[in-house]
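S.K.: One structure, pasted below without further comment.
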Amino acid sequence: MNIPTTHTPLFLRHASQLVTLKGSSNAPLTGAEMEQLHIIEDGSVWIEGGRIQHVGTDEELAALYKERMAEAEVIDASGSLVTPGLVDPHTHLVHAGSRENEFEKRLQGATYMEIMAAGGGIHSTTRATREASHDQLLKESRRRLDAFLLQGVTTVEAKSGYGLEWEHEKKQLEVAQELHRTHMIDIVSTFMGAHAVPADYKERPDEFVDLVMNEMIPEVARLGLAEFNDVFCERGVFTPEQSRRILEAGKKHGLAPKIHADEIEPYAGAELAAEVGAVSADHLLRASEEGIKAMANAGTVAVLLPGTAFFLMADSADARAMIDAGVPVALSTDCNPGSSPTVSLPLIMNLGCLKMGMTPAEALTATTINAAHAIRRGHEVGSLEKGKKADLVLYDVSDYRSLQYAYGVNHARTVIKAGHVIVRDGVRVG
Ligand code: IZC
Ligand code: ZN
C-alpha cells in the first residue's frame, strides 16, 4: 500500500531482544550464517518517514536523539522480543472456496494426486475461482490477509493459477494488485498459469503449454501484472521439459522463474531450478542430492513448506541437509485450500524445527531475510537496518525461541508496517 508518511517519528525502545539480521540485505544467508540473528539486547529503533533511521542499544539511540525525543511517539518494548515483519514467500492467497470434502477423503486414504486426477483438487478451486467475481475474490482474500497481519506477517507473495484461462488468471492477478494497493500488507505477484492442465486440454497438454507461453505470459508482462512466473513441475502435471519451456518464455518477457519442484515424486525439479536460474525452488520434499548441490551452486533459494507435508501426511523436506549443503532456506505457509489451508507462519517455524531439523534461529532467518530474498525483496525488508522499510513486530515473549516453542499461539502484539502502528496490543488499529 502507498501509505502516507507521517511526520511524527516512532521511537521503539528497550526491546529485550531486537533481532536485526544485520548485513544480510545483499544475499540470502547460507550455512552457519543462518544462525546469526545479530540480536541487540535492550535494543531500540528510530523510525521516520516510514523507514528505519537507526538501530542500536537504547543507550546509543537515547544519546543520538536526545534533542528530538519530545517529537517522537514512544513504543515501550521492554520485556518484548522484536523482529522484522515476517515475510511469506509462497502463497495461493487469491482463491475462492475451500476443500474440506477432500480433506475428509484423504483421511480415508485417497491421495492428493488421485483427487486431482479425478477432476478435484486444483480443478475444484479453479471452478470456484472462475465463478467468483472480482469483488468476491477480493473479500475472501482480504480476510486471509487480515489474519496474516495479526500474526506479524507484513509481506506476502501471491500466485495466480486458479483461472487457467486468461480472463480468470487476469482477474486473480488484478485482485492481488488491488490488495497490494489497498491493504497494509505488501503483495508480490507471481503468474502461475501452469498450475494444472485444465480439463479441456487433458488430451493435448502441449497446446495448453503453448497458450501459457505465447499468449498469457506476454500479456502478464505487457500489463505489468506479475514479476515472477511459476510452474507446477510434477509427474501428472507439467513435465520438466514443459516446465523449462514455460520458465524460459517467462524470462524472455522479464518474469523471473520460480518452480514447484519435487513435491510428490522426485522429478529433477531442483536440477531444473538451478539450470534456468530460478530465484527459488519450492517444496523439494523429494529433491535429489544432485539437485540440492546444483541449487547450492546456483544460489537458488529453497522455499520449504512443512505445513504442506504435515497436511498431506507426507515426509517433510530435509531442511537440515539443504542448509548443510549451502542452500539458502526460506519457509512459507503455502497458504492454499488444498494442501495447506493456514496463515500461520509461526506454526510453520515450529514445524521447520520439529519436522525438518532446523534450529529456532534458522527458522526465524527463513521467515524474515531469506524469505525476503526468495521474492527479491531482500534490499527492502526482512532485516532491521538503516534505510529499510520500517516493518517490525513486537511479541508478548522475550526470547526468540518462544516463537517456535510455544506453538499454535499468536505471540504478535504490535505490528508496525512502513512506520505505522497497524496492530496494537493484538487489536487492529490501522
Ligand atoms: O490448490 O492444491 N500443490 N498446488 C501445488 C497446490 C498444492 C495448491 C492446491
Ligand atoms: Zn504452491
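S.K.: Quick one: dipole size for the range 1-146, taken about the Cα centre, charges +1 on Lys/Arg Cβ and -1 on Asp/Glu Cβ, in debye to the nearest 20.
M.R.: Charge dipole of the range 1-146: 720 debye, to the nearest 20.
S.K.: Let me ask something else. What FRET efficiency do you get for THR182 and ARG376 if R0 is 30 Å and r is their Cβ-Cβ distance, rounded to the nearest 0.05?
M.R.: With R0 = 30 Å, the Cβ-Cβ based efficiency is 0.85.
S.K.: How do VAL55, VAL94 rank when sorted from fewest to most other Cβ atoms within 10 Å of their own Cβ?
M.R.: VAL55, VAL94
S.K.: May I ask you to list the residues of the range 157-185 whose amide nitrogen lies under 19 Å from a point 7 Å from Cα along the Cα→beta-carbon direction of TYR201?
M.R.: 159-174
S.K.: Between ASP210 and MET1, what is the label-point separation in nm under the 7 Å Cα-to-beta-carbon projection?
M.R.: 4.6 nm
S.K.: Follow-up. Using a Gaussian network model of the chain whose springs link C-alpha atoms within less than 10 Å, name the residue from ALA273, ALA196, ALA294 with the highest mean-square fluctuation.
M.R.: ALA294
S.K.: Work through the residues other than GLY338 whose Cβ is under 9 Å from its Cβ and net out their charges, Lys, Arg +1 and Asp, Glu -1.
M.R.: 0
S.K.: Sorted from fewest to most neighbouring beta carbons within 10 Å, what does the list LEU305, LEU37, LEU392 look like?
M.R.: Ordered from fewest to most neighbouring Cβ atoms within 10 Å, LEU305, LEU37, LEU392 come out as LEU37, LEU392, LEU305.
S.K.: Hey, another quick one. Among VAL209, VAL156, VAL19, whose mean-square fluctuation peaks in a Gaussian network model of the chain (Cα, cutoff 10 Å)?
M.R.: VAL209
S.K.: How many nm is it between the label spots at ASN101 and ALA117, if each spot is 7 Å from the Cα in line with the beta carbon?
M.R.: 2.0 nm
S.K.: Along its principal axes, what span do the Cα atoms of the range 87-375 show, with the longest given first and each in whole Å?
M.R.: Sorted largest first, the three principal extents are 44, 42, 40 Å.
S.K.: Also, quick follow-up: Distance cut-off 30 Å, Cα to Cα: go down the list LYS258/LYS355; LYS202/LYS355; LYS105/LYS293; LYS105/LYS159; LYS22/LYS417; LYS159/LYS389 and report the pairs above it.
M.R.: Cα-Cα > 30 Å for LYS202/LYS355; LYS105/LYS293; rest within.
S.K.: Now a separate question. Of CYS353, CYS335, how do they rank once you tally other Cβ atoms within 10 Å and put the fewest first?
M.R.: In increasing order of surrounding Cβ atoms, one gets CYS353, CYS335.
S.K.: Of the options HIS253, VAL393, LEU12, report the single residue whose Cα projects farthest towards the positive end of the charge dipole of the chain (beta-carbon charges: Lys, Arg +1; Asp, Glu -1).
M.R.: Positive-end residue among those listed: LEU12.
S.K.: If you place +1 on the Cβ of every Lys and Arg and -1 on the Cβ of every Asp and Glu, how big does the dipole about the Cα centre of the chain come out, in debye to the nearest 20?
M.R.: 640 debye
S.K.: Turning to a different aspect of this structure: Trypsin sites (Lys or Arg not before Pro) within the range 266-357: which are DSSP loop residues with at most 13 other Cβ atoms inside 10 Å?
M.R.: Passing both the DSSP loop test and the Cβ count: no residue.
S.K.: Step by step: find N for the range 217-267, compute 2.2 N^0.38 Å, then divide the Cα radius of gyration by it. What's the final number?
M.R.: 1.17
S.K.: Enter the per residue convex hull volume of the range 108-179, computed from alpha-carbon coordinates, in Å³ rounded to the nearest integer.
M.R.: About 118 Å³ per residue, rounded to a whole number.
S.K.: Within the chain, which DSSP H helices have Cα atoms that stretch 20 Å or more along the helix axis and a mean Kyte-Doolittle hydropathy of at least -1.0?
M.R.: Those that pass (Cα extent of 20 Å or more, hydropathy at least -1.0) are 134-150.
S.K.: Placing +1 on the Cβ of each Lys and Arg and -1 on the Cβ of each Asp and Glu in the range 87-375, which of PRO266, VAL237, VAL87 has its Cα farthest towards the positive end of the resulting dipole?
M.R.: The one lying farthest along the dipole's positive direction is VAL87.
S.K.: Averaged over every viewing direction, what's the projected area of the C-alpha convex hull for the range 70-211? Give it in nm², one decimal, please.
M.R.: Hull-based average projected area comes out at 12.1 nm².
S.K.: A follow-up question, please. Could you work out which residue, out of PHE232, PHE103, PHE11, moves most in a Gaussian network model of the chain, that is, has the largest mean-square fluctuation with Cα springs under 10 Å?
M.R.: In this elastic network of the chain, the residue with the biggest mean-square fluctuation among PHE232, PHE103, PHE11 is PHE103.
S.K.: For labels at VAL409 and GLN36 in the simple 7 Å Cα→Cβ model, what's the distance in nm?
M.R.: 3.2 nm
Where a number appears in this text, it was derived from the coordinates with a stated rule and is not lab data. Computed from a predicted structure; not experimentally measured. All Cβ positions, even for glycine, are placed from backbone atoms using ideal geometry, and neighbour counts span all protein chains on display.
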